[in-house]
Amino acid sequence: MLKIQKMLVAAMARLDETMVMNLVKQGLKMGINPYVLLEEIRIGTDRVGELYSKGEYFLSDLIMASEIFKDVLTLVNQDRAETTIASYPTVVFGTVEDDIHDIGKNITTGIMRYNGFDICDLGVDVPGYKFVEAVQHYNSRVVCLTGLITESFDSMKNTIALLKEAGLRSRTTVIIGGLVNESVRNYTGADYWATDCTKVNELCRNILVTNKRIVQSS
């Protein structure tokens, strides 16, 4: 099983879609937990991002990685689509205004849906008022804002300010993701920050199960 998982990471990093799909199918037949397979895909996708940062991959490669991940999710979820019932209240997700990066968002929401979360994905370049409307509509307790460019920090801050103006901030936990850190969290006024999709999954589960905010860790 470990061999398949290592091969899966390598195949994803190479953007070898045929190999990735074959390995996932093989892993499922062997009884490997689908979440484990998705995690290996995520690790491979992170490597694609690293190669992009080094100038060895291009934007088209990032888009291809996102598409491969979507195909894997479709394969993994095909037997769950009709039977899986969301176990948690709706979480609102979106890439904030002035930013159109969505690969990390798509991976995170895909994994969270697999784990029983009901996700309202607003897409990319989302104005702050759209987040407010979604929180009001779904009575959401968690909002996840993502962004990969510095301009997105102001959009995050503005969105959180709008939640406060609407009287929603005190009951809404805000998690920011993407190219963020503790300094960005302080600047925007968010409750938590995360750069790992599994961390977001864990944070949301803890918040919604315990109904309280927990201590942020890096």
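The values are calculated or read from the model by the stated rules, or taken from the named source; none is laboratory data. From a predicted model like this one, the values you see are computed outputs, not experimental measurements. Neighbour counts run over all protein chains shown; Cβ positions are idealised from the backbone, glycine included. Accessible surface areas use protein heavy atoms only, side chains included; no ligands, DNA or RNA. Shrake-Rupley method; radii C 1.70, N 1.55, O 1.52, S 1.80 Å.
Quick look at the values:
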| quantity | calculated |
| --- | --- |
| Environment charge at Ser66 (Cβ cut-off 13 Å; Lys +1, Arg +1, Asp -1, Glu -1) | -3 |
| Whole-Hz couplings from phi, Karplus 6.51/-1.76/1.60, listed for the range 125-137; x for Gly and Pro | 6, 8, x, x, 5, 5, 5, 4, 4, 5, 4, 5, 5 |
| Using alpha-carbon coordinates, inclination of helix 2-13 to the longest axis of the chain, degrees | 70 degrees |
| Average Cα contact separation per residue, the chain, under 8 Å, 6 or more apart, as relative contact order % | 15 percent |
| For Ser60, solvent-accessible area (1.4 Å; no DNA, RNA or ligand), Å² | 80 Å² |
| Between helix 151-165 and the chain: long-axis angle, C-alpha atoms, 0 to 90°, nearest 10 | 50 degrees |
| Selection from Ser170, Thr188, Asn158 lying farthest towards where the dipole of the chain points positive, charges on Cβ | Ser170 |
| Degrees between helix 34-53 axis and first principal axis of the chain (Cα, 0 to 90, nearest 10) | 80 degrees |
| Spatially proximal lysines relative to Lys54 (Cα-Cα < 26 Å; intrachain offsets below 8 disregarded) | Lys6, Lys70, Lys105, Lys199 |
| Gyration tensor verdict on the range 37-160 (Cα atoms; rounded if a/c is under 1.5, prolate if a/b is larger than b/c, oblate otherwise) | oblate |
| Hz values of 3J(HN,Hα) by residue in the range 195-207 - Karplus curve (6.51, -1.76, 1.60), Gly and Pro given as x | 10, 10, 5, 5, 5, 4, 4, 5, 4, 4, 4, 4, 5 |
| Sulfur and carbon atoms: percent of accessible area, the chain [1.4 Å] | 52 percent |
| Most mobile of Ala190, Ala161, Ala65 in a GNM of the chain (Cα contacts under 10 Å) | Ala161 |
| The chain: most fluctuating residue of Lys54, Lys199, Lys157 per GNM, C-alpha cutoff 10 Å | Lys54 |
| Accessible solvent surface per residue of the chain, calculated while the other protein chains remain in place, 1.4 angstrom probe, Å² | 50 Å² |
